[in-house]
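Colleague: Starting off with a structure, shown below.
The values are calculated or read from the model by the stated rules, or taken from the named source; none is laboratory data. Quick caveat, the model's predicted, so the values are computed rather than measured. Cβ placement follows ideal geometry from the backbone for every residue including glycine, while neighbour counts extend to all protein chains displayed. All accessible areas refer to the heavy atoms of the entire protein, side chains included, with ligands and DNA or RNA removed. Shrake-Rupley method; radii C 1.70, N 1.55, O 1.52, S 1.80 Å.
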Amino acid sequence: MTPIALTGIADNVRKFLFLITYTEGTDLHGKPYTTLFGHGQFTDLSTHPNIRVPFGKTNFSTAAGRYQMLYKTWEGLKLPDFQPITQDKGCIALLKQRGAYKDILAGSWESAINKCNKEWASLPNSPYGQPTHKMDECLKFLESA
């Protein structure tokens with residue numbers, strides 16, 4: 001698995017970031033920080049790429065980067081660029097916004113996952129109707145990370 005760019009973060013936070021990378025499938029080609037929804041790649045890290053990738057008959061996604069953040073979500077974070085370290089910081093900010101950060105530090109994995117499944121559609125019990133990973137699979141991943 002490709003290392004996380006941000007250093008000095010708690011082990012449990014690092015594990016959860018790896019879980020998101022795993023469930024979102026962004027490390028398939030070893031370039032998670034430049035992965036678009038659907039596994040295409042982009043090169044400019046000066047800003048979120050905001051590339052609309054179609055799926056289904058009428059849907060599209062602007063998800064990009066290691067944590068597959070939507071353009072609108074990224075813009076709301078008001079971060080200066082889309083560099084790897086900035087993506088890590090943005091993801092941690094979203095974990096805090098979702099109220100999951102303390103659960104992650106405490107290793108309360110199931111609670112943290114359930115608080116984050118509206119942010120990351122690949123997590124168990126996500127309400128978006130797309131394929132998700134099973135809770136048992138995610139818990140095993142976190143225990144072995």
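Colleague: Quick test for you: out of 56, 65, pick the one residue that is on the phi > 0 side of the Ramachandran plot and touching a strand residue (DSSP E or B) at 6+ places or on another chain (Cβ under 8 Å). Steps first, answer last, please.
Modeller: On the way: 56 fails: touching a strand residue (DSSP E or B) at 6+ places or on another chain (Cβ under 8 Å).
Just one listed residue meets the conditions, 65.
Colleague: Within segment 118-145, restricting attention to residues that are touching a Lys or Arg at 6+ places or on another chain (Cβ under 9 Å) and not acidic (Asp, Glu), which residue is surrounded by the fewest Cβ atoms within 10 Å (Cβ to Cβ)?
Modeller: 127
Results for (1) not hydrophobic (A, V, I, L, M, F, W, C); (2) not in a helix (DSSP H, G or I), shown as yes or no for each residue.
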residue	(1), (2)
87	yes, no
90	yes, no
95	no, no
102	yes, no
105	no, no
112	no, no
124	yes, yes
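Colleague: Of these, 60, 18, which one is at pLDDT below 95 and outside any loop (DSSP other than H, G, I, E, B)? Lay out the reasoning, then the answer.
Modeller: Numbers: 18 fails: at pLDDT below 95.
After applying the criteria, what remains is 60.
Colleague: Mind counting the residues in segment 42-56 that are in a loop (DSSP other than H, G, I, E, B), open to solvent by 60 Å² or more (accessible area, probe 1.4 Å) and more than 13 Å from residue 87 (Cα to Cα)?
Modeller: Initial filter on segment 42-56 (in a loop (DSSP other than H, G, I, E, B)): 42-52, 56.
From what's left, open to solvent by 60 Å² or more (accessible area, probe 1.4 Å): 43-44, 46-47, 50-52, 56.
Filter again for more than 13 Å from residue 87 (Cα to Cα), leaving 43-44, 50-52, 56.
Of the residues in that region, 6 qualify.
Colleague: Out of all the residues in segment 78-86, is one or more within 19 Å of residue 121 (Cα to Cα) and of a type outside the set (Asp, Glu)?
Modeller: First, pick out the residues of segment 78-86 that are within 19 Å of residue 121 (Cα to Cα): none.
Within segment 78-86, not a single residue is within 19 Å of residue 121 (Cα to Cα) and of a type outside the set (Asp, Glu).
Colleague: Among the numbered criteria (1) open to solvent by 40 Å² or more (accessible area, probe 1.4 Å); (2) free of Cβ contacts under 8 Å to residues at least 40 places away in the same chain; (3) touching a helix residue (DSSP H, G or I) at 6+ places or on another chain (Cβ under 7 Å), which one does residue 39 miss?
Modeller: (3)
Colleague: Right, next: Do you know which of the residues in segment 21-33 that are touching a Pro at 6+ places or on another chain (Cβ under 9 Å) and part of a helix (DSSP H, G or I) is most open to solvent (accessible area, probe 1.4 Å)?
Modeller: So the residue we want is 24.
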